[in-house]
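*Asks:* For reference, the structure I am asking about is given below.
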Amino acid sequence: MNYQELANLIFPEAKDISYYEEKYPERNLPEGAIVTRIAPSPTGFSHIGGLYQGLIARKLADQTKGVFFLRIEDTDQKREVKNGTSEIVESLTNFGVAPDEGMISETESKGEYGPYKQSERKEIYQAYAKYAIAQGKAYPCFCTPEETEEIRNKQEVAKIRPGYYGIWAKCRNLTLEEMAEKIKAGEKYIIRFKSPGREDRKIQHKDIIKGKVDFPENDQDIVIIKADGLPTYHFAHIVDDHLMRTTHVIRGDEWLSSVPLHLQLFHEMGFKAPKYAHIAPIMKNDNGNKRKLSKRKDPEAAVRYYAEMGIPPEAVKEYLLNIANSTFENWRRANPDKSSDEFELTLTKMSVSGALFDMVKLLDVAKTVISKMTAEDIYQETVAWAKIHDLSLVELLADKEYALQIFGIERGNKKPRKDISKWSDVKENIDYMYDELFEQNQDEYPLQVIQDPEKISQILRLYEEKYYDENDDKQTWFNKIKALAGEMGYAEEVKEFKANPEKYEAHVGDVSTVLRVALTKRINTPDMYEIMQVLGKERIMNRFKQAMKKVSN
Ligand code: GLU
């Protein structure tokens with residue numbers, strides 16, 4: 001019996017690997033093009049870290065005219081969830097990081113390097129496992145789970161490194177005849193890789209993000225094909241990224257310690273290894289402690305959260321770029337109107353230990369993103385969000401013309417309003433523009449500088465009778481508020497007030513506030529002139545009346 005005969009006995013049907021080597025040739029791409037991928041398990045794409053990785057991979061492929069593909073790693077079928085793959089595809093697409101190749105729905109894929117679901121690649125893995133056995137580099141292992149457990153226990157008691165290696169790798173030393181006999185007798189087995197490594201020797205890995213890292217060589221005979229005939233992650237990674245012609249593996253840094261094993265497998269199989277970039281997880285500052293963003297503790301760790309809150313995907317994407325490369329912030333300042341797609345991401349500038357995620361900053365980015373949108377887009381996005389999350393808002397916005405006037409306030413100019421950070425904010429942001437909601441708001445009027453009810457009524461009455469004219473332009477309108485302040489004995493200019501604080505009880509801004517509070521029940525709003533234009537005379541007068549009544553009570 002020789003190795004080839006043993007290989008034939010184990011995988012009689014498997015093809016020669018030359019078949020696959022020809023079927024999946026080197027890609028014909030420009031020099032320097034990066035071929036990379038995202039390879040999640042189909043458990044749904046729930047953590048923001050997955051999106052972060054996808055975004056980084058997508059950008060690198062774009063920047064080098066390369067390829068970004070989606071491979072589904074479903075060899076652990078216990079963990080699979082229903083529609084897990086389509087959920088991943090949808091998330092990537094929603095955030096503008098759709099792959100060029102790979103799975104495009106639960107069951108369909110596109111591209112020449114498939115199948116892109118590992119469970120459909122069983123015969124490919126077996127062909128490569130057969131090849132490894134025929135080369136004397138892999139062997140069947142007949143140890144039962146109980147036996148491996150026993151080995152582990154012994155190692156633990158003796159306080160030595162656990163695992164299947166050296167003298168512990170029992171089946172490695174069976175003769176080919178013994179192996180064949182056991183197989184013929186129907187004994188169950190798995191396939192292990194015969195490691196040529198030695199623990200006392202070091203290898204050096206140069207990671208694109210982590211830099212130079214030293215590791216002991218791998219000396220474990222790892223499982224490559226499990227009892228169910230499917231490969232382990234390690235073996236599938238080698239075979240797939242070889243055949244799919246991946247140039248760069250960008251993945252979570254929980255895999256960094258597997259690099260010695262992976263490099264060994266690539267080398268022993270005679271494949272060129274890809275470059276590796278191990279991304280540190282996104283971190284969060286928790287009372288001064290830096291810890292991983294956790295789906296259990298932090299709602300913002302879930303991709304779903306952003307859709308629920310109505311935070312525009314573009315804002316999330318922009319913020320993730322921000323934490324990927326700290327140079328993004330300056331770039332954005334210098335290029336306020338460019339699409340974030342134009343930013344050049346640099347892998348080597350990514351944080352080695354994990355970038356900090358800050359929700360307040362993300363919402364700030366979202367405010368800027370929304371401030372640049374048109375009233376029409378804001379209307380569309382808000383309604384789309386509300387249809388799923390708040391039907392009463394859909395009703396409120398039914399009069400589209402009117403809604404557009406509201407969203408148009410202080411927009412489209414050089415310094416657009418920046419008060420909306422998410423669609424779930426919209427309602428409370430504009431409720432005072434709707435009489436019904438305005439009247440429902442029974443809160444106390446907010447505290448303001450001018451508090452005397454007499455004075456407030458007097459200001460409103462004077463304004464109504466003497467100063468208000470709906471046809472005034474903005475300058476005239478403002479001059480009149482100044483004049484009203486003067487008539488009340490307040491400073492007409494804030495500067496004047498500041499210079500002589502003892503001389504005045506209030507200034508023109510405080511008079512504006514009286515009007516603003518009467519009209520909106522708020523201290524801060526976008527431009528009051530524009531608000532008044534949208535409300536119109538009748539409603540303005542009506543609100544003044546309500547205010548006079550309320551303060552005199
Ligand atoms: N299925 C692995 C994971 O989700 C993929 C890691 C990789 O990108 O190679 O962690």
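Table: residues versus (1) at pLDDT 95 or above; (2) within 16 Å of the ligand (Cβ to nearest atom).
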residue	(1), (2)
252	yes, yes
258	yes, yes
268	yes, no
276	yes, yes
299	no, no
306	yes, no
309	yes, no
322	yes, no
327	yes, no
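*Asks:* I would also like to ask the following. Considering only the stretch 273-371, give the strands (runs of 3 or more DSSP E) lying wholly within it that have at least 1 residues that are without any contact (Cβ under 8 Å) to a residue 60 or more places away in the chain and over 30 Å from residue 417 (Cβ atoms).
*Replies:* 283-286, 289-292
*Asks:* I need a count of the residues in the stretch 204-263 that are of a type in the set (Phe, Trp, Tyr) and in contact (Cβ under 8 Å) with a residue 60 or more places away in the chain.
*Replies:* Number of matching residues: 2.
*Asks:* For residue 13, indicate whether it is on the phi < 0 side of the Ramachandran plot, crowded, with 18+ Cβ neighbours inside 10 Å, in contact (Cβ under 8 Å) with a residue 12 or more places away in the chain and more than 12 Å from the ligand (Cβ to nearest atom).
*Replies:* The answer is no for residue 13.
*Asks:* What residue, of 414, 427, is under 27 Å from residue 314 (Cβ atoms), basic (Lys, Arg) and free of Cβ contacts under 8 Å to residues at least 12 places away in the same chain?
*Replies:* Being under 27 Å from residue 314 (Cβ atoms), basic (Lys, Arg) and free of Cβ contacts under 8 Å to residues at least 12 places away in the same chain holds for just one of 414, 427, which is 414.
*Asks:* Quick one: count up the residues across the stretch 85-136 that are touching a residue at least 40 places away in the same chain (Cβ under 8 Å), open to solvent by 40 Å² or more (accessible area, probe 1.4 Å) and among the basic types (Lys, Arg).
*Replies:* Looking only at that region, the number is 1.
*Asks:* Of everything in the stretch 105-133, what is touching a Leu at 6+ places or on another chain (Cβ under 8 Å) and aliphatic (A, V, I, L, M)? Give them in sequence order.
*Replies:* 124, 133
*Asks:* Related question: Against the conditions (1) under 30 Å from residue 325 (Cα atoms); (2) within 16 Å of the ligand (Cβ to nearest atom); (3) among the aromatic types (Phe, Trp, Tyr), where does residue 235 fall short? Just the number, please.
*Replies:* Among (1) under 30 Å from residue 325 (Cα atoms); (2) within 16 Å of the ligand (Cβ to nearest atom); (3) among the aromatic types (Phe, Trp, Tyr), the lone unmet condition for residue 235 is (1).
*Asks:* Within the stretch 47-54, can one find any residue that is under 22 Å from residue 308 (Cβ atoms), within 12 Å of the ligand (Cβ to nearest atom) and of a type in the set (A, V, I, L, M, F, W, C)?
*Replies:* No - not one qualifying residue is present in the stretch 47-54.
*Asks:* If you don't mind, another one. Of the residues 497, 544, which is part of a helix (DSSP H, G or I), without any contact (Cβ under 8 Å) to a residue 24 or more places away in the chain and either in contact with a Gly (Cβ under 6 Å, 6 or more places away or on another chain) or aromatic (Phe, Trp, Tyr) (or both)?
*Replies:* 497
*Asks:* Taking the stretch 441-464 as the region of interest, how many residues are of a type in the set (A, V, I, L, M) and under 13 Å from residue 544 (Cβ atoms)?
*Replies:* Within the stretch 441-464, residues that are of a type in the set (A, V, I, L, M) and under 13 Å from residue 544 (Cβ atoms) number 4.
*Asks:* When the stretch 444-460 is examined, which residues are found to be open to solvent by 80 Å² or more (accessible area, probe 1.4 Å) and either under 16 Å from residue 513 (Cβ atoms) or modelled with pLDDT of 95 or more (or both)?
*Replies:* Answer for the stretch 444-460, where residues must be open to solvent by 80 Å² or more (accessible area, probe 1.4 Å) and either under 16 Å from residue 513 (Cβ atoms) or modelled with pLDDT of 95 or more (or both): 444, 447, 449, 451.
*Asks:* Of everything in the stretch 35-44 that's out of contact with any Asp or Glu (no Cβ under 6 Å at 6 or more places or on another chain) and over 18 Å from residue 112 (Cβ atoms), which residue is nearest to the ligand (Cβ to nearest atom)?
*Replies:* 40
*Asks:* Under 7 Å by Cβ, and 6 or more places apart or on different chains, what pairs join a residue from the stretch 453-478 that is of a type outside the set (Phe, Trp, Tyr) with one that is assigned to a loop (DSSP other than H, G, I, E, B)?
*Replies:* 456/450; 459/488
*Asks:* Any residue in the stretch 154-182 that is over 13 Å from residue 138 (Cα atoms) sitting within a Cβ distance under 6 Å of a residue that is open to solvent by 100 Å² or more (accessible area, probe 1.4 Å) and not small (Gly, Ala, Ser)? List the pairs, counting only those 6 or more apart or interchain.
*Replies:* 162/152
*Asks:* Given (1) within 15 Å of residue 274 (Cα to Cα); (2) open to solvent by less than 30 Å² (accessible area, probe 1.4 Å); (3) among the β-branched types (Val, Ile, Thr), where does residue 224 come up short, assuming only one miss?
*Replies:* With respect to (1) within 15 Å of residue 274 (Cα to Cα); (2) open to solvent by less than 30 Å² (accessible area, probe 1.4 Å); (3) among the β-branched types (Val, Ile, Thr), residue 224 is out only on (1).
*Asks:* Scan the stretch 238-250 and tell me whether some residue there is away from the ligand (no atom under 16 Å from the Cβ), outside any helix (DSSP H, G or I), open to solvent by 10 Å² or more (accessible area, probe 1.4 Å) and farther than 21 Å from residue 77 by Cβ.
*Replies:* Checking the stretch 238-250: not a single residue is away from the ligand (no atom under 16 Å from the Cβ), outside any helix (DSSP H, G or I), open to solvent by 10 Å² or more (accessible area, probe 1.4 Å) and farther than 21 Å from residue 77 by Cβ.
The values are calculated or read from the model by the stated rules, or taken from the named source; none is laboratory data. Quick caveat: nothing in here was measured; it's all calculated off a predicted structure. FYI the Cβ positions are ideal-geometry reconstructions off the backbone, even for glycines, and counts take in every protein chain you see. Surface areas here come from the heavy atoms of the whole protein model, side chains and all, with no ligands, DNA or RNA. Shrake-Rupley method; radii C 1.70, N 1.55, O 1.52, S 1.80 Å.
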